[in-house]
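Everything below concerns the one structure shown next.
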Amino acid sequence: MSWPKILDRHQSLWFLITGPTLWALHFCTVYAMTAIYCEKLGDEAGPLRLGILGVTLGALVLIGITAWLSWRQWDYTDDWDYEHDGLTVEDRREFIGHAGFLLCVVSVIGVIYVALPAAFVGSCV
Amino acid sequence: MRWWTFIGSKAMRGPAATKAQQGTADPGDGTTRHDMSDDRIVRPRLRQALCALALATLPGCSGVQHVLAPAGTDAGFLANLFWIMLAGAVVLWIFMNGLMVYVTRINVRQMSPKKAEALIIGGGIVFPTVVIACLLSYALAAMPDMRAEGTGTRLKVTGEQWWWRVEYWPEGADAPIVSANEIVLPAGSRSEIALTADKVIHSFWVPALGGKTDMFPGRETRMSLEPLEPGTYRGQCTEFCGDSHAWMAFNTVVLPQEEYDAWLENAATDAVAPEGEAATRGREVFFAEGCGACHQVRGTAATGKVGPDLTHLGSRTSLAAGTLPLDEPSLIRWVRDAKAVKPGAEMPAYDHLSDDDLSDLAAYLEGLI
Ligand SMILES: [Cu+2]
């Protein structure tokens, strides 16, 4: 069975940017939720904060899964080295996995920071 | 070479040093050429200048417009935050540079990849993430307090081109007490300030009292301030808004509660009648020239709303939104040609008026206490 092109791990850059993409989506979702809730539903932000918590946990789980897949793709534990700048398919696959994994780490930090205000600020005002 | 001499001499290595040597070389005709020496001379001078500036501004910490000389709860918190972050940054700077010096100068040897990795992950990812999360949490935790709703005075400030329309709304009032270009607040209670703008975006900031908030046409934003120390503090528009943006300032006068109550009572009254001959004549000039088409002087036929309310102009501490002191020469200068003082000011020049007319007018305006 042949994989569709987008899933060709050594060719598709999607695996590189899945983490940051999820981070960006989380950011936009949280902003949109807050703007709409505070405009339409009043100042007491209890349900909104729960919603942000939910969206955040969801984003973290998805980024976690992406990180795990990238980690596997990087295959670090196979040879314990960072050498993957050769012209082989394996090197490309590992490079994309490695970079994707690091970007997932950044994305986790970003998502947590984006959600942090909701942990402290209890109202829209 | 010791590391400190290394650091000191580093700037003089390479092309800069060669250049410098050329720069001072005697070309043989008895003159010394300095044309090549900019790099060498300007840099240390710049550094000296920066140091001098830093030292010179330290005493300025007692200024009327200084974030590090807080006179209110919110500014106090912000100043603390600044010092905490500065202290953290200094410690980090020393630590990082110390480490760099240590591994490159003092204890030069190879590090195992494992150790190096631990250093990078620990010092480069985990440590800053945790530190920033702590700082962020500390600041965020204070936000609800700083944005707490005011309990005392309520006012509304509108950003105009290039002045401030101010309305006080005492408890239960159905019409505001109108003023302009100066804000008076009671010490020791939190005042609620609604903000908006007329044509373009402005931003309201009194550094000694708290953070800044933008003002948008057609939208109302809000902030609250809790001044603690009576005094006069300068505020400034901090969003570029056109020609005279830099001249769009104001004084905030913080008074003890009883004095504030007395002030507000006076602010609610109509303008006093002119006293003395000059002021009385000045009043005639005021109406003959049609100033009332743009300015309001409550209790008179002047009901214009285009420019600042002048009912109690004489009791303010500055003229034309913090641009000039409030005295006779400044008033004359302003009325004669406002645009010459404040580029773009939307008030016509009255340079056809005689000196006598102008000084009488100034007497009338100063008397509006
Ligand atoms: Cu402005």
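What to note about this one:
- Amide H within-cut-off set for B:G72, under 5 Å, with H built and near neighbours excluded: B:L228
- Loop-resident sites, region B:274-343, for trypsin sites (Lys or Arg not before Pro), counting at most 12 other Cβ within 10 Å (DSSP): B:K305
- Annotation: the antiparallel percentage among DSSP beta bridges lying fully within the protein assembly as shown is about 70.
- Each Cα pair under 8 Å and six or more residues apart adds its separation to the average, and for region B:222-332 the resulting relative contact order is 20 percent.
- Loop trypsin sites (Lys or Arg not before Pro), region B:66-122, which have at most 15 other Cβ atoms in a 10 Å radius of their Cβ (DSSP): B:R109
- Chain A, relative contact order [Cα under 8 Å, separation at least 6], %: 41
- Value of [θ]222 nm, deg cm²/dmol, for the protein assembly as shown, DSSP H segments ≥ 4, -39500 (n - 2.57) each, nearest 500: -16000 deg cm²/dmol
- A straight Cα-to-Cα reach below 19 Å connects B:K342 with the aspartates and glutamates B:E160, B:E182, B:D198, B:E239, B:D243, B:D309, B:D327, B:E328, B:D351, residues fewer than 8 places away in its own chain not being considered.
- Annotation note: GluC sites (Glu not before Pro) in region B:163-209 located in DSSP loop regions with a Cβ neighbour count of at most 11 within 10 Å are B:E171.
- Cα convex hull of the protein assembly as shown, projected area averaged across orientations, nm²: 38.2
- Reach of B:K114 by Cα under 14 Å, taken over aspartates and glutamates that are not fewer than 8 positions away in the same chain: A:D81
- Taking a ≥ b ≥ c as the square roots of the Cα gyration tensor eigenvalues, region B:134-242 comes out oblate, since a/c reaches at least 1.5 and a/b does not exceed b/c.
- Cα-based helix-to-principal-axis angle, A:46-74 vs chain A, degrees rounded to 10: 0
- Amide H contacts for B:T311 (H built 1.01 Å from N in the peptide plane; partners 5 or more residues away or on another chain; cut-off under 5 Å): B:R298.
- Whole-Hz couplings from phi, Karplus 6.51/-1.76/1.60, listed for region B:240-250; x for Gly and Pro: 3, 10, x, 2, 9, 3, 5, 8, 9, 10, 6
- Shape call, region B:319-369: gyration tensor on alpha carbons, a/c limit 1.5: oblate
- Prolate/oblate/rounded call for region A:15-120, Cα gyration tensor, a/c under 1.5 rounded: prolate
- When +1 charges are put on Lys and Arg Cβ atoms and -1 charges on Asp and Glu Cβ atoms, the dipole computed for region B:245-300 relative to its Cα centre reaches about 300 debye.
- Net dipole in debye of the protein assembly as shown [+1 Lys, Arg Cβ; -1 Asp, Glu Cβ; about Cα centre; nearest 20]: 2440
- Extending 7 Å from the Cα toward the beta-carbon at both B:V131 and B:L92 defines two label points whose distance is 0.4 nm.
- Subset of A:K40/B:K199; B:K199/B:K339; B:K156/B:K339 violating a 22 Å alpha-carbon distance limit: A:K40/B:K199; B:K156/B:K339
- Order of A:C28, B:C294, B:C241, A:C104 under a 10 Å beta carbon neighbour criterion, fewest first: A:C28, B:C294, B:C241, A:C104
- The base-10 log of I(q)/I(0) for region B:277-366, evaluated at q = 0.23, 0.26 Å⁻¹, reads -1.33, -1.74 [Debye formula, identical scatterers on Cα atoms, solvent excluded].
- The calculated FRET efficiency for the pair B:D356 and B:T221, based on their C-beta separation and a Förster distance of 51 Å, comes to about 0.65.
- Separation between Cα centres of region A:40-88 and region B:153-179, rounded to whole Å: 49
- In units of the compact-protein estimate 2.2 N^0.38 Å, region B:233-284 shows a Cα radius of gyration of 1.72.
Values in this text are rule-based calculations from the coordinates and carry no lab data. Fair warning: this is a prediction, and the values are worked out from it, not measured in the lab. Because the Cβ atoms are built from the backbone with ideal geometry, glycine has one as well, and the counts that use them run over all protein chains shown.
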